[in-house]
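Heads up, the thing below is written out as structure tokens.
No lab work stands behind these numbers, since they all come straight from the coordinates. Note that this is a predicted model, so its numbers are computed, not measured. Note that each Cβ is placed from the backbone with ideal geometry, even for glycine, and that neighbours are counted across all protein chains shown.
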Amino acid sequence: MNDILALSGLAQGRLIREGEVSSSELVEAHLERIDCVNPMLNAAVDVLRETACREARAADERRRRGETLGPFDGVPFSVKDSIEVAGCVCTAGTIGFQNAPPSPRDATLVARLRAAGAIPVARTNLPDLLFAFESDNLFRGRTNNPYDLSRTAGGSSGGEAALIAACGSPFGLGSDAAGSVRVPAHYCGITSIKPTSGRLPRTGHVPPHGGWIETLWQIGPMARRVEDLLALMQILVGPDGEDHTVVPMPYGGQPDVRRIAFFTDNGIAPPAPETVELVRKAAGALAEAGFIVEERRPPALDQSYDLEMKLLGPDGGDSLREFLRAIGSTRTHPLLEGWITKLEPYRTTVAGFSEYWAQLDHFRAGMSVFLNDFDAILSPVSSGPALPHGTSIEDANFRGFSYTMTYNLTGWPAAVVRCGASAEGLPIGVQVAAAPWREDVAVEIAQRLEGTFGGWQAAP
């Protein structure tokens, strides 16, 4: 079963349909794998053993009756502990929600996966109220990186990335306001995508959508293999009648990708030499495949960090403090406190916030003009591979996350795929951004890079 656990979710689904393995056997194998790796990783905070086994038996019965099974029917998946699963407490990693009542229903995207026959098998760790690039909180503790337990799996979807990388789940759901599905994917050697702003419903996420950071974040799928992202996006897209920000745009088409830009340094945080080398190799591989590849850096890219912080903290973090107080989070993790401290310099007035928004509009306009000449942009995901525990809040490291922040500001889709490793054996991913609503373009390029460089590799 170990070989089967390393397959994509789609490949596991095919084995179920062909009768090579039952859903019950597959779910049980994943549960055993979680039992094996979780004591080291602390990635899964809630294992849904009873419900997962029951739903697996139902999937097996559907096959026995000769029903047509979908691509993920009977396949397990994991869910970040900020996304509601019916009957489970959604804590968002903060003590104010630690003893909240169980969620009465699934989040929209969980419901869509369940309707496709997929089975929630575990809920995964995250930082206090999602605010950190390391998954650590006061009552669940920290998640370790499968490739080096002394290093972080990233945040805020670090538990998801670690569990998927360790074959405890083939795919899952995370969320991303500054890089939270992409940085963990990069750190753990898997693949993920932050969709276009307004693409997927966020109904059932804690905290909910709304407020001035509305345009910065999306829920996004995470997986070991890019083919799963392709299939998952087709299941997840579309309005749900509750998240009013979702735009009913058609999904996908025939990607016509010709021109690709790439850059290795955003002018904010110099990348490690091995990161530069991997991005250049990825660009070279695409050029050899026939694409027109040009090294060009978008204008005003060096504003990405300050603009993200301005949008997150025009009140210096007061609304965040008030939210924590209102839900009863009387104690907060030092990583969250560090985030709030970093927001203080961006405190401004109403007039100042209006200026922030004007700067954002100017930034977006410049980025859009740049993209007129290209179909996609290749770049680092972060300035380096996975950091030692506790160092993500240090200023130089924190600014290294600005490579993902750029595309939260533009609202464009951006995917991540592993293209190599550091000298220490830590995964290094490459980020692929595309025009709004062209997730299919970002994922197609990511799949080409996966084919060239191998994508996810099991930890030694």
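Points to keep in mind about this one:
- If you check 454, 425 for being free of Cβ contacts under 8 Å to residues at least 60 places away in the same chain, touching a strand residue (DSSP E or B) at 6+ places or on another chain (Cβ under 8 Å) and more than 20 Å from residue 265 (Cα to Cα), only one passes: 454.
- Test: residue in region 206-220 that is in contact (Cβ under 8 Å) with a residue 60 or more places away in the chain and buried (at least 24 other Cβ atoms within 10 Å of the Cβ): yes
- Scanning region 377-425 for residues that are in a loop (DSSP other than H, G, I, E, B) and touching a Lys or Arg at 6+ places or on another chain (Cβ under 7 Å), we see that the one that is surrounded by the fewest Cβ atoms within 10 Å (Cβ to Cβ) is 389.
- Scanning region 258-292 for residues that are more than 21 Å from residue 399 (Cα to Cα), of a type in the set (A, V, I, L, M) and surrounded by fewer than 20 Cβ atoms within 10 Å (Cβ to Cβ) yields 285, 287, 289, 292.
- Residue selected from region 4-54 under the condition of a type in the set (Gly, Ala, Ser) and part of a helix (DSSP H, G or I), by the criterion surrounded by the fewest Cβ atoms within 10 Å (Cβ to Cβ): 11
- Failed item in (1) over 24 Å from the mean Cα position of the chain (by Cα); (2) touching a residue at least 60 places away in the same chain (Cβ under 8 Å); (3) in a helix (DSSP H, G or I), with residue 320 passing the rest: (1)
- Scanning region 27-46 for residues that are under 10 Å from residue 121 (Cβ atoms) and aliphatic (A, V, I, L, M) gives 27, 31, 34, 44.
- Matching residues, region 294-313, being surrounded by fewer than 22 Cβ atoms within 10 Å (Cβ to Cβ) and not in a helix (DSSP H, G or I): 294, 295, 296, 297, 299, 300
- The single condition from (1) surrounded by 20 or more Cβ atoms within 10 Å (Cβ to Cβ); (2) closer than 22 Å to residue 190 by Cβ; (3) among the hydrophobic types (A, V, I, L, M, F, W, C) that residue 95 fails is (2).
- Annotation note: of 374, 370, the sole residue that is over 30 Å from residue 424 (Cβ atoms) and in a helix (DSSP H, G or I) is 370.
- Flag if residue 71 is in a loop (DSSP other than H, G, I, E, B) and either over 21 Å from the mean Cα position of the chain (by Cα) or surrounded by 24 or more Cβ atoms within 10 Å (Cβ to Cβ) (or both): yes
- Residues in region 342-361 that are among the charged types (D, E, K, R) and farther than 18 Å from residue 408 by Cβ: 344, 347, 355.
- The C-beta contact set for region 263-277 (first residue of a type in the set (Phe, Trp, Tyr), second residue in a loop (DSSP other than H, G, I, E, B), distance under 7 angstrom, 6+ apart or interchain) comprises 263/296; 263/297.
- Residue match in region 338-355 (condition: more than 23 Å from the chain's Cα centre (by Cα), among the hydroxyl-bearing types (Ser, Thr, Tyr), assigned to a helix (DSSP H, G or I) and within 27 Å of residue 154 (Cβ to Cβ)): yes
- Scanning region 159-188 for residues that are of a type outside the set (S, T, N, Q), touching a strand residue (DSSP E or B) at 6+ places or on another chain (Cβ under 9 Å) and either over 12 Å from residue 78 (Cβ atoms) or surrounded by fewer than 24 Cβ atoms within 10 Å (Cβ to Cβ) (or both) turns up 176, 177, 179, 181, 182, 183, 184, 185, 186, 187, 188.
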